[in-house]
Amino acid sequence: MSKQAAARPLPPARLRRKAGSQPSDSMELQIRRMREADLDSILAIETASFTSPWSRSAFENEMRAIYAHPLVVTQAVPPHILGYLCFWMVTDECHILNLAVHPSFRRAGIASSLIRRLLEVCEHKHIRGCFLEVRISNKLAISLYRKFGFVPCGIRKRYYPDTGEDAMVMKRRFPSP
Ligand SMILES: CC(C)(COP(=O)(O)OP(=O)(O)OC[C@H]1O[C@@H](n2cnc3c(N)ncnc32)[C@H](O)[C@@H]1OP(=O)(O)O)[C@@H](O)C(=O)NCCC(=O)NCCS
């Protein structure tokens with residue numbers, strides 16, 4: 001992922017979960033494929049989450065490319081985008097490109113639910129390995145990925161052009177069928 005986490009505030013979310021609650025306690029979540037109509041909400045989360053955010057056309061490309069699998073997690077009632085995950089699957093390999101959660105809904109298991117869905121799809125499609133790059137300073141994301149069995153497997157020096165920061169490459173292997 002060629003981006004950097006930022007802390008820019010978003011306008012207040014229309015719905016907030018109760019302090020200390022998990023999403024499942026207070027709202028029903030759905031995971032589905034990204035649609036054109038989601039893009040305004042996605043771009044608001046994207047610009048609040050990264051100092052080098054993806055453009056609208058970058059997300060549009062994800063919706064068009066045959067090997068791309070852009071997912072969103074939404075609150076069912078009323079419809080509200082809480083986060084998204086973009087990944088590619090080519091032959092037996094998967095690559096995570098983008099993951100972010102609305103700042104008002106973080107630390108409630110939403111990214112975990114997206115990663116769980118990703119792992120289910122990988123197993124269903126007989127993927128052998130899933131890879132990603134993450135800024136070495138992004139300890140929260142590294143902790144999230146470790147929780148789901150991703151392990152560091154290399155460093156790409158000065159991978160991020162905006163700051164020159166290194167990327168940690170992480171991988172998750174799947175057992176042979
Ligand atoms: C990283 C990010 C996607 C996590 O989303 P989230 O929905 O808050 O994550 P979850 O609630 O599912 O947390 C899962 C795990 O991530 C780690 N984690 C997430 N937020 C954390 C925090 N504030 N402090 C410590 N660990 C944290 C923990 O290991 C956590 O597991 P635990 O709750 O059992 O301790 C979110 O913080 C975000 O959008 N950040 C900005 C964009 C970004 O950095 N994307 C990743 C690019 S590689």
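Observations
- Test result for Ala76, at pLDDT below 95 and more than 8 Å from the ligand (Cβ to nearest atom): yes
- Selection status of Ile81, within 9 Å of the ligand (Cβ to nearest atom), among the hydrophobic types (A, V, I, L, M, F, W, C) and within 18 Å of the chain's Cα centre (by Cα): no
The values are calculated or read from the model by the stated rules, or taken from the named source; none is laboratory data. For clarity, every value in this text was computed on a predicted model and none was experimentally measured. FYI the Cβ positions are ideal-geometry reconstructions off the backbone, even for glycines, and counts take in every protein chain you see.
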